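*Asks:* The structure follows.
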Amino acid sequence: MSIEEAKRLAAFKAVDTFIQDNTIIGVGSGSTIVYAVERLAELKRTKNLNVVCVPTSFQARQLILSNDLKLGDLEQYPKLNCTIDGADEVDKNLVLIKGGGGCLLQEKIIAGYSEKLIIVADYNKDSQHLGDNYKKGIPIEVLPLAYKPIQMRIQEKYRGSATLRMSKMKAGPVITDNGNLILDWVFPTSETFNWDEVNKTIKMMPGVIETGLFINMAHAVFFGTKDGSVKEIYTK
């Protein structure tokens, strides 16, 4: 089974398992979420599914609108029934790295106000330890004013390399939907980290907005596998 087929399988299974009629759902960002929205639109056409979709990014908003799903926001719907989102990597303890697409802040906000966070991914995102498969590091959204001292402090404290994410189609750095910059911290995989402590310490650095570490947030993870099945993991 191809990567894209695995993504589609996981996304469809998650939607069919968790999405109920007349609920408010967060819609994540990334390539796997395209398939989740595809399934929502299909269920709307065939079964009159009625859901309100709260986006985590400009991309998610466009997906919702282009599939003729009802768009909402946190001001209208401050409590969500669940959020379906992707991940760049998931370790054996269901610690997630998210933010490869640059949407980590809004993704964490939407997930944090949802009763359940449901993760959908392909088999390449399933790891024993963070950094086994995803080599681009942990994204950290920072205020432009403070990126350099934050970069230096992370490298001094934890080693590795915290690199300013640069744009590919324009000169200069990537600018998030919130007008901030992103540092990608490629940590030394030879070391063992307490990710909860690392996350708290980095978030306390002045100028850090949010990290791409999602800890104790996932309610369930669906991995599309090579053999055409779906690996399901539940935490609560």
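The values are calculated or read from the model by the stated rules, or taken from the named source; none is laboratory data. The structure presented is a predicted model; accordingly, all values stated were derived computationally and were not measured. Glycine also receives a Cβ, built like all others from the backbone with ideal geometry; neighbour counts cover every protein chain displayed. Ligands, DNA and RNA are excluded from the accessible area calculation, which covers all protein heavy atoms including side chains. Shrake-Rupley method; radii C 1.70, N 1.55, O 1.52, S 1.80 Å.
*Asks:* Quick check on segment 105-125. Is at least one of its residues open to solvent by less than 10 Å² (accessible area, probe 1.4 Å), among the small types (G, A, S) and part of a loop (DSSP other than H, G, I, E, B)?
*Replies:* No, the conditions are met nowhere in segment 105-125.
*Asks:* On to the next question. Here's a check for you: in segment 181-232, which residue that is open to solvent by 50 Å² or more (accessible area, probe 1.4 Å) and part of a strand (DSSP E or B) is farthest from S127 (Cα to Cα)?
*Replies:* Filtering segment 181-232 for residues that are open to solvent by 50 Å² or more (accessible area, probe 1.4 Å) and part of a strand (DSSP E or B), the one farthest from S127 (Cα to Cα) comes out as I209.
*Asks:* Out of all the residues in segment 127-144, which are open to solvent by less than 50 Å² (accessible area, probe 1.4 Å), on the phi < 0 side of the Ramachandran plot and not hydrophobic (A, V, I, L, M, F, W, C)?
*Replies:* Correct list: S127, Y134, P139, E141.
*Asks:* Would it be correct to say that V37 is farther than 30 Å from T163 by Cβ and touching a residue at least 40 places away in the same chain (Cβ under 8 Å)?
*Replies:* Spelling it out, it is not the case that V37 is farther than 30 Å from T163 by Cβ and touching a residue at least 40 places away in the same chain (Cβ under 8 Å).
*Asks:* Okay, next question. Tell me, please, whether a residue that is at pLDDT 95 or above and either over 26 Å from Y234 (Cβ atoms) or touching a His at 6+ places or on another chain (Cβ under 7 Å) (or both) can be found in segment 5-12.
*Replies:* Checked against the condition, which is being at pLDDT 95 or above and either over 26 Å from Y234 (Cβ atoms) or touching a His at 6+ places or on another chain (Cβ under 7 Å) (or both), segment 5-12 yields no hits at all.
*Asks:* A further question on this structure: Please determine, by comparing only the residues of segment 145-175 that are touching a Gly at 6+ places or on another chain (Cβ under 8 Å), farther than 23 Å from T192 by Cα and outside any loop (DSSP other than H, G, I, E, B), which one is least open to solvent (accessible area, probe 1.4 Å).
*Replies:* A146
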